[in-house]
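*Asks:* Supplied in structure tokens, the structure appears directly below.
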Amino acid sequence: MREANGASSGRADRAEAASDSQGEGEKGEITSLEGIPALSLDAISSVAYGPEAMLAVLATAGAGALAKIEPITVAIVILLVILVFSYRQVIQAYPDGGGCYAVSKANLGVRASHLAAAALVVDYVLTVAVSIAAGVAALVSAFPALVPDTLVISLAILAALTALNLRGLATSARALILPTGVFIVGIYVVIAAGLARSHASPGDGVHPAVIPKAAAAVGILLLLKAFAAGCSALTGVEAIANDVPGFREPRVRRAMRTEMLLGGILGTMLLGLAVLTVKFHVAPSPTQTVLSQITAVSLGHGAGYYVVDLATTVILAIAANTSFGGLPVLASLLARDNLVPHVFALRGDRPVYRYGVVVLALLAGALLIAVDANTDALIPLFAIGVFTGFTLAQAGLVRHWATERSRRWWARACLNGLGATMTAVATVIFVVTKFTSGAWVVIIAIPVLLYGFARASRYYAEVGAELGLGTTPAKPAAEEGLVVVAVAAVSRMTEHALTTALSFGGDVVAVSVQLDDDRADVLRAAWDAWDPGVELVVLRSPTRSITAPILRYLRSPAVTGRGRVLVLIPEVEPSKLRHQILQNQRGLILANVLRRRSGVTVARTPFRLSRG
């Protein structure tokens, strides 16, 4: 599930994040057609793994059960239609960009918005892992020699996406039109060619399953499990509603048109692939994806097959990339709401939330390693978070219409209520049927995230109270103080640090820790010859500790009676980052110890080298 807040209430969605990363200049310039590659790749690319997830479940009941993919796909397309029309209502209700987090926060309260945010975080991580794993599966289907390197290739793609996003690179909607168009046209060509064939293409290399003439008896539980698995193909349906401001005027009309276009493309693709699956008796294979098999039986192993297969890999990789825009933006909004560490709201020199990008990459990488980049192992985890968001968004819209009571509000409320009911039932089905298949991980992860949100919020509330945020403090008053400068030798860096200390006003004293008498005498003689006009206090350290003598000095009556104390620590700052490792890091160590174990103010002042 990918959600966003409105421009007025903040955004939190991979769709919004994608347009955000493209730069302010492109917002409001997406046409209805461009909205498909810009905001719909998550949904469209899911045809590469949704049907396969259904077949993987049905195959456990034998080859005769594989034909059930057709009625199950029809049920999924019916749910797709309900979701499409429901999210058209979201577009109307939140023309500034709606979504689960925004709708829940506005209509269902803080707790519901926290649940939506937790579901989103899980979904973002899983989307990256599933998309990359499915893309690599498509690649190795065309090039079987790469099968042993599946995990390595997956991690390499993840690393490349991470590097690109850390540099702030993004692809505009227009640049994505070509690969998206190739994929969509390619899938329709596969469907058309397959429907026109009376038998599989010769030399396709696919070994169809033998379907018994008698219909296989399939239990309701298995059908529900297959339905739950296939619903992974509905992820991303809500993305267009989340970034309505990204469209040209009239934005609402264009966004609603794009939502309908997405529903039509996704629905016809799913139905066409389901028909071909039954027609050619396609079964799950450990070495070749279902989409690859359908492409092979329809087009053969010629140029068309490789074009579709490589386009599938590219589209899935791009779909994974949208999460790198979504999770960091969501994390920044959660940070502003005091639900996650504030560091997630920081941006670097480039307009990138680096910490969110890195955390997403680490979590997705760990997940890929845990399941060995196996798409089938990831699918059971996928849809719970997505449909939780679907349900919250639709339920929130019901309350929105009931409160607003605009013209025909009851019809809109009924539509969203039907959508909420359907997705809630689907969520329950996911939990019940996929719990032992790995869904328990998501069921545990979401409460853990909620607990983390609560603890972070409590911490920031306590800190805010102690800082007196929102209150008017007393007027500041000047106090006498002492500036303590840590020195090691007489040098230009020492002169720079003392000059900085003297500019603060008040008393200044230099303190140096020496390990033996000879070095102490040399420093004292050099200091007296220099005569900087600042007192030097030499401390001895028989235990060879640098921090302990300074702590004792700062706690002594000679210092504690001098008012506020500032410790200034000069450090060498090399001109090249790689030379930083050659420094002794004593300044960093001393600063950390003094901050933790003393009540003084600590400042580190760099002495920048022109070379080295």
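The values are calculated or read from the model by the stated rules, or taken from the named source; none is laboratory data. None of the values given here were measured: they were computed from a predicted structure. A quick note on method: Cβ atoms are made from the backbone with ideal geometry, for glycine too, and the neighbour counts reach across all protein chains shown.
*Asks:* Please specify each residue of segment 70-126 satisfying the condition of being without any contact (Cβ under 8 Å) to a residue 24 or more places away in the chain and within 28 Å of Val47 (Cβ to Cβ). Working first, answer last.
*Replies:* Filtering segment 70-126 for residues without any contact (Cβ under 8 Å) to a residue 24 or more places away in the chain gives 71, 78, 109-111, 113.
Across segment 70-126, the qualifying residues are Pro71, Ile78.
*Asks:* Restricting attention to segment 458-506, and to residues there that are among the polar types (S, T, N, Q) and crowded, with 16+ Cβ neighbours inside 10 Å, which single residue is nearest to the chain's Cα centre (by Cα)?
*Replies:* To start, the set of residues in segment 458-506 that are among the polar types (S, T, N, Q) comprises 471-472, 491, 494, 499-500, 503.
In the following step, the residues that additionally are crowded, with 16+ Cβ neighbours inside 10 Å were identified as 494, 500.
Details: Thr494: 46, Thr500: 43 Å.
Ranking the candidates gives Thr500 first.
*Asks:* Sticking with this structure for a sec: Among the residues of segment 192-219, write down those that are modelled with pLDDT under 80 and either hydrophobic (A, V, I, L, M, F, W, C) or assigned to a helix (DSSP H, G or I) (or both).
*Replies:* At the first step, the residues of segment 192-219 found to be modelled with pLDDT under 80 are 198-219.
Listed by number, the residues that qualify are Ala200, Val206, Ala209, Val210, Ile211, Ala214, Ala215, Ala216, Ala217, Val218.
*Asks:* OK, next. All but one of (1) more than 18 Å from the chain's Cα centre (by Cα); (2) surrounded by fewer than 18 Cβ atoms within 10 Å (Cβ to Cβ) hold for Arg412, so report the exception by its number.
*Replies:* (2)
*Asks:* State the number of residues belonging to segment 37-64 that are more than 20 Å from Ile379 (Cα to Cα) and crowded, with 24+ Cβ neighbours inside 10 Å.
*Replies:* Qualifying residue count for the region: 3.
*Asks:* Can you find even one residue in segment 575-585 that is more than 28 Å from Pro476 (Cα to Cα), modelled with pLDDT under 90 and surrounded by 13 or more Cβ atoms within 10 Å (Cβ to Cβ)?
*Replies:* Yes, that holds for at least one residue.
*Asks:* Now, a different point. For the condition of a type in the set (A, V, I, L, M, F, W, C) and surrounded by fewer than 18 Cβ atoms within 10 Å (Cβ to Cβ), what is the one hit in Leu539, Leu568? Spell out how you get there, then give the answer.
*Replies:* Values: Leu568 fails: surrounded by fewer than 18 Cβ atoms within 10 Å (Cβ to Cβ).
Going through Leu539, Leu568 in turn, the sole match is Leu539.
*Asks:* Please return the ranges of helices (runs of 4 or more DSSP H) entirely within segment 474-563 where 2 or more residues are at pLDDT 90 or above and aliphatic (A, V, I, L, M).
*Replies:* On the way: elements: 492-503, 517-530, 547-554, 557-560.
Passing ranges, in order: 492-503, 517-530, 547-554.
*Asks:* Output the residue which, of all residues in segment 88-122 that are over 22 Å from Ile443 (Cα atoms), assigned to a helix (DSSP H, G or I) and in contact with a helix residue (DSSP H, G or I) (Cβ under 6 Å, 6 or more places away or on another chain), is modelled with the lowest pLDDT.
*Replies:* Within segment 88-122, the match that is modelled with the lowest pLDDT is Ala93.
*Asks:* Only one of Met260, Met256 is of a type in the set (A, V, I, L, M, F, W, C), assigned to a helix (DSSP H, G or I), surrounded by fewer than 18 Cβ atoms within 10 Å (Cβ to Cβ) and at pLDDT 85 or above. Can you tell me which?
*Replies:* Unique residue meeting the criteria: Met260.
*Asks:* Right, something else. Between a first residue in segment 565-577 that is hydroxyl-bearing (Ser, Thr, Tyr) and a second residue that is in a strand (DSSP E or B), which pairs have beta carbons less than 8 Å apart while being 6 or more apart in sequence or on different chains?
*Replies:* Filtered contacts from segment 565-577: Ser575/Arg608.
*Asks:* Another question, then. Looking at the structure I just gave you, is Ala383 more than 29 Å from Ile78 (Cα to Cα) and of a type in the set (Gly, Ala, Ser)? Lay out the reasoning, then the answer.
*Replies:* Details: more than 29 Å from Ile78 (Cα to Cα): no; of a type in the set (Gly, Ala, Ser): yes.
So Ala383 does not fit the description; no.
*Asks:* Now for a different question. Can you find a residue that is at pLDDT below 80, surrounded by fewer than 19 Cβ atoms within 10 Å (Cβ to Cβ), under 23 Å from Thr433 (Cβ atoms) and in the same structural domain as Thr388 (by TED's automatic domain parsing) anywhere in segment 221-232?
*Replies:* yes
*Asks:* Answer with yes or no whether Thr605 is in contact with a Ser or Thr (Cβ under 9 Å, 6 or more places away or on another chain) and either under 30 Å from Glu479 (Cα atoms) or not β-branched (Val, Ile, Thr) (or both). Don't jump to the end; show me each part of the working.
*Replies:* Working: in contact with a Ser or Thr (Cβ under 9 Å, 6 or more places away or on another chain): yes; either under 30 Å from Glu479 (Cα atoms) or not β-branched (Val, Ile, Thr) (or both): yes.
Answer is yes for this residue.
*Asks:* Further, regarding this structure: Out of everything in segment 125-141 that is within 14 Å of Asn321 (Cα to Cα) and among the hydrophobic types (A, V, I, L, M, F, W, C), what residue ends up being farthest from the chain's Cα centre (by Cα)? Walk me through it before giving the result.
*Replies:* Residues of segment 125-141 that are within 14 Å of Asn321 (Cα to Cα), as a first pass: 125-135.
The next check asks that each one be among the hydrophobic types (A, V, I, L, M, F, W, C); those that pass are 125-126, 128-130, 132-134.
Details: Val125: 6, Leu126: 9, Val128: 8, Ala129: 11, Val130: 13, Ile132: 14, Ala133: 16, Ala134: 18 Å.
So the residue we want is Ala134.
*Asks:* Here's something else I'd like to know. Against the conditions (1) buried (at least 24 other Cβ atoms within 10 Å of the Cβ); (2) touching a Gly at 6+ places or on another chain (Cβ under 6 Å); (3) not aromatic (Phe, Trp, Tyr), where does Val352 fall short? Just the number, please.
*Replies:* Of everything listed in (1) buried (at least 24 other Cβ atoms within 10 Å of the Cβ); (2) touching a Gly at 6+ places or on another chain (Cβ under 6 Å); (3) not aromatic (Phe, Trp, Tyr), Val352 misses just condition (1).
*Asks:* Just to check your reading of the model, which residue among Leu291, Leu327 is crowded, with 24+ Cβ neighbours inside 10 Å and more than 21 Å from Leu271 (Cβ to Cβ)?
*Replies:* Numbers: Leu291 fails: more than 21 Å from Leu271 (Cβ to Cβ).
From the options Leu291, Leu327, the qualifying one is Leu327.
*Asks:* Another question, if that's okay. Tell me whether segment 511-532 contains one or more residues that are among the hydrophobic types (A, V, I, L, M, F, W, C), within 18 Å of Val567 (Cβ to Cβ) and surrounded by 10 or more Cβ atoms within 10 Å (Cβ to Cβ).
*Replies:* Initial filter on segment 511-532 (among the hydrophobic types (A, V, I, L, M, F, W, C)): 511, 513, 515, 520, 522-523, 525-527, 529-530.
When the remaining residues are screened for being within 18 Å of Val567 (Cβ to Cβ), the result is 511, 513.
Applying the additional criterion that residues be surrounded by 10 or more Cβ atoms within 10 Å (Cβ to Cβ) yields 511, 513.
Yes, segment 511-532 contains a residue that is among the hydrophobic types (A, V, I, L, M, F, W, C), within 18 Å of Val567 (Cβ to Cβ) and surrounded by 10 or more Cβ atoms within 10 Å (Cβ to Cβ).
Residue-wise test of (1) buried (at least 22 other Cβ atoms within 10 Å of the Cβ); (2) in a helix (DSSP H, G or I); (3) not assigned by TED's automatic domain parsing to the domain that holds Thr60.
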position	(1), (2), (3)
Val308	yes, yes, no
Asn321	yes, yes, no
Ser332	yes, yes, no
Val340	yes, no, no
Gly356	yes, yes, no
Leu360	yes, yes, no
Ala366	no, yes, no
Gly389	yes, yes, no
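*Asks:* Do the conditions hold for Ala160, that is, is it among the small types (Gly, Ala, Ser), part of a loop (DSSP other than H, G, I, E, B) and either surrounded by fewer than 20 Cβ atoms within 10 Å (Cβ to Cβ) or at pLDDT below 85 (or both)?
*Replies:* Details: among the small types (Gly, Ala, Ser): yes; part of a loop (DSSP other than H, G, I, E, B): no; either surrounded by fewer than 20 Cβ atoms within 10 Å (Cβ to Cβ) or at pLDDT below 85 (or both): yes.
Criteria not met by Ala160.
*Asks:* Let me confirm something: among Arg455, Arg407, which residue is among the charged types (D, E, K, R), surrounded by fewer than 17 Cβ atoms within 10 Å (Cβ to Cβ) and not in a helix (DSSP H, G or I)? Outline the logic, then answer.
*Replies:* On the way: Arg455 fails: not in a helix (DSSP H, G or I).
Answer to the check: Arg407.
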